[in-house]
Amino acid sequence: MNSPQILRNFTSFLKNPRKFILFFGVPGSGKGTYAALLSKSTGFLNISMGDELRKLIKTAETPLFQRISEEIQQGKLIEDAVIFKILEIQLQKSASGVILDGFPRNVAQMLKFEEKHAINLVINCVLDEEILVEKLLGRRSCENCGKSYNLCNIAKKGYDMPAILPQKSGFCDICQGKLVAREDDTETVIRKRMREYAEKTAILLDLFRKKGVLVDFAPKRGVKDFPEFFAKVVKPKL
Ligand code: AMP
């Protein structure tokens, strides 16, 4: 990039800085669904760091990508240099705002990010632990096309999350593939993932709460809560 272009970009940034919205929440809390819905209604770029990494390791079998693949399988954090390179490439896409899911994962990432960008809103998707376990145990997906279903019907403690059933039990509506549960969706592993998530993110959530940008949100009725969420939580910050 030449100097006049850098100056133009900087001037336009000062006039109209991009909005940044971050999503936090354990797997199954609805954050991915809400991030996607929000991206649709605002036109903001939606970057899921986990998805980007998974796409990346499918593209080539270099030693670096092989190592990243192993680290993801072990649940280890990928080195910051890789994460910030992905972010840099993604942020070149034009959009008036950006939704980040899965970033930052630690304080170092947060601080480095904040050297360049202001975070407008952090949404912490919270769900009652027992409900989450039930929901994840009912989760099924087609082993052929990946379409998701849920066998569990939750209607208690203010939650209203109807089952998403296939027309023919055990088989996908779209391609008739077999419906399977994820290997890591067992009660012991689910509770371990939740504990690990809480331990790792507690400090980040505390910091965002102190800055006054964090909002806790419980999507108790799944996607039916999105319109109210958009009007009450997001719109005032746009
Ligand atoms: P997710 O789909 O968000 O659960 O992420 C899947 C895996 O990708 C994580 O367990 C990490 O190995 C890696 N990952 C995702 N986001 C980050 C990040 N911000 N920093 C480091 N590693 C990450």
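Which of the residues spanning segment 70-95 are more than 9 Å from the ligand (Cβ to nearest atom) and in a loop (DSSP other than H, G, I, E, B)?
GLN92, LYS93, SER94, ALA95, listed by residue number.
Looking at GLY75, GLY102, can you tell me which residue is surrounded by 14 or more Cβ atoms within 10 Å (Cβ to Cβ), within 16 Å of the chain's Cα centre (by Cα) and at pLDDT below 95?
From the options GLY75, GLY102, the qualifying one is GLY102.
Tell me, please, whether a residue that is surrounded by 16 or more Cβ atoms within 10 Å (Cβ to Cβ) and either closer than 25 Å to LYS40 by Cβ or modelled with pLDDT of 95 or more (or both) can be found in segment 180-203.
No: zero hits.
What are the residues in segment 34-58 that are polar (S, T, N, Q) and more than 10 Å from the ligand (Cβ to nearest atom), if any?
SER39, SER41, THR42, ASN46 - these are the residues of segment 34-58 that are polar (S, T, N, Q) and more than 10 Å from the ligand (Cβ to nearest atom).
Inspect all residues belonging to segment 143-152 and state whether any of them is in contact (Cβ under 8 Å) with a residue 40 or more places away in the chain and outside any strand (DSSP E or B).
Looking for residues that are in contact (Cβ under 8 Å) with a residue 40 or more places away in the chain and outside any strand (DSSP E or B), one finds none in segment 143-152, hence no.
Select from segment 101-118 the residues that are hydrophobic (A, V, I, L, M, F, W, C), within 14 Å of the ligand (Cβ to nearest atom) and part of a loop (DSSP other than H, G, I, E, B) and list them in ascending order.
The one that is hydrophobic (A, V, I, L, M, F, W, C), within 14 Å of the ligand (Cβ to nearest atom) and part of a loop (DSSP other than H, G, I, E, B): PHE103.
Would you confirm whether any residue within segment 59-69 is more than 23 Å from LYS211 (Cβ to Cβ), surrounded by fewer than 19 Cβ atoms within 10 Å (Cβ to Cβ) and near the ligand (Cβ under 9 Å from one of its atoms)?
no
The values are calculated or read from the model by the stated rules, or taken from the named source; none is laboratory data. Computed from a predicted model, the values in this text were never measured in an experiment. Cβ atoms come from the backbone with ideal geometry, glycine included; neighbour counts cover every protein chain shown.
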